[in-house]
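The values are calculated or read from the model by the stated rules, or taken from the named source; none is laboratory data. Note that the coordinates shown come from a computational prediction; the quantities given were computed from them, not determined experimentally. Cβ sites come from the backbone with ideal geometry, for glycine too, and all protein chains shown count toward neighbours.
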């Protein structure tokens, strides 16, 4: 798949920021920000067509195959496909039995979905500040936020670099808390030899168009090693559909009379082919994945080692090209982790540059033709959470990161050496222009 840079004028779409950053402002881009984070070829196209010929088009054999392959790759016992990462996190919030008033410690440096999963069940997101080098939630800040109302910790592996998980798990064990890994950026990433989604109580992955692998633009996966989570996960993603929860004895009551008792599994129609009952008071929903997505997902998973290698090569080349530029901070990768470079987050020191981040971004875009974007506005600054009374001045490191320090460069596995050289030179040119414009005579 290629992008016609000469005609990349885009325009607004119904999906807004979930589908494109293209504009009609007339800027001629050398390296646009692409919304396709992977590579498709005949493998995906043929798999999709084959899936269309099946008798079932949702939650069928290809979904099972995708789940099995995903679990094996990430070295977890279970993997359950779902419609997206947000719904996966919502299912796990229900499985963790988060109720109104329960507190869940989260990072502010994430897509709002991480907190929405908690808010939908009446839980209270409690924000812990970030580490300034990794941009991930800081375990020391997490420990400060634990109260007698805390029930869980939701970590986000920002940009493809995993959180420092050992101290997170120690905190969770000390206080009896659940841990959910938001792995939306981190398919294939690892920490001390352990894959994302295999360390906490559960993980939730995204296969959105931007992600390192994508299942036709949307899709998700839940991972866990807990046997006791298997049934509730499967059924909360499918309308609380589980006969066993409702009637362990396979008995159905109408009024005061028992009218039916299933005696044979062959008689699947008696008294009906499914039953619905909430799990610990939590109602499920339709969060299923379809067979075409799953078929494509199987192909994408086959390509994951190649896609990861390409992203890492590109990320390391960008880092090498940005060394020793005063005021510019390339991506930091700790030795105990494998960064999968979902994002390449460039940070800057405004004092050394002589101007602010927005000026840097404007020159880079308008004059140098490289389109950067920003991730993520602190969640507690969104209108809905401000109206709930969240302190806008909490987590100062996360606020400084978003408003003063960071921007994300174009990052996908189709970038060429020419693209990389263009971006690095554009950044050097932007720094030089800022120094020239702000130097004092």
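Assess whether residue 318 counts as being crowded, with 20+ Cβ neighbours inside 10 Å and not assigned by TED's automatic domain parsing to the domain that holds residue 208.
yes
Tell me which residues, restricted to region 50-74, are over 19 Å from the mean Cα position of the chain (by Cα) and closer than 16 Å to residue 188 by Cα.
Listed by number, the residues that qualify are 68, 69, 72.
What are the residues in region 173-196 that are part of a strand (DSSP E or B) and without any contact (Cβ under 8 Å) to a residue 60 or more places away in the chain, if any?
Across region 173-196, the qualifying residues are 179, 181.
Would you confirm whether any residue within region 359-368 is closer than 30 Å to residue 124 by Cα, at pLDDT 95 or above and assigned to a helix (DSSP H, G or I)?
no
Looking at the structure I just gave you, is residue 116 farther than 18 Å from residue 154 by Cβ, surrounded by fewer than 20 Cβ atoms within 10 Å (Cβ to Cβ), touching a helix residue (DSSP H, G or I) at 6+ places or on another chain (Cβ under 9 Å) and at pLDDT 95 or above?
no
Inside region 209-241, can you point out the residues that are assigned to a loop (DSSP other than H, G, I, E, B) and surrounded by fewer than 22 Cβ atoms within 10 Å (Cβ to Cβ)?
Correct list: 209, 216, 217, 218, 225, 226, 239, 240.
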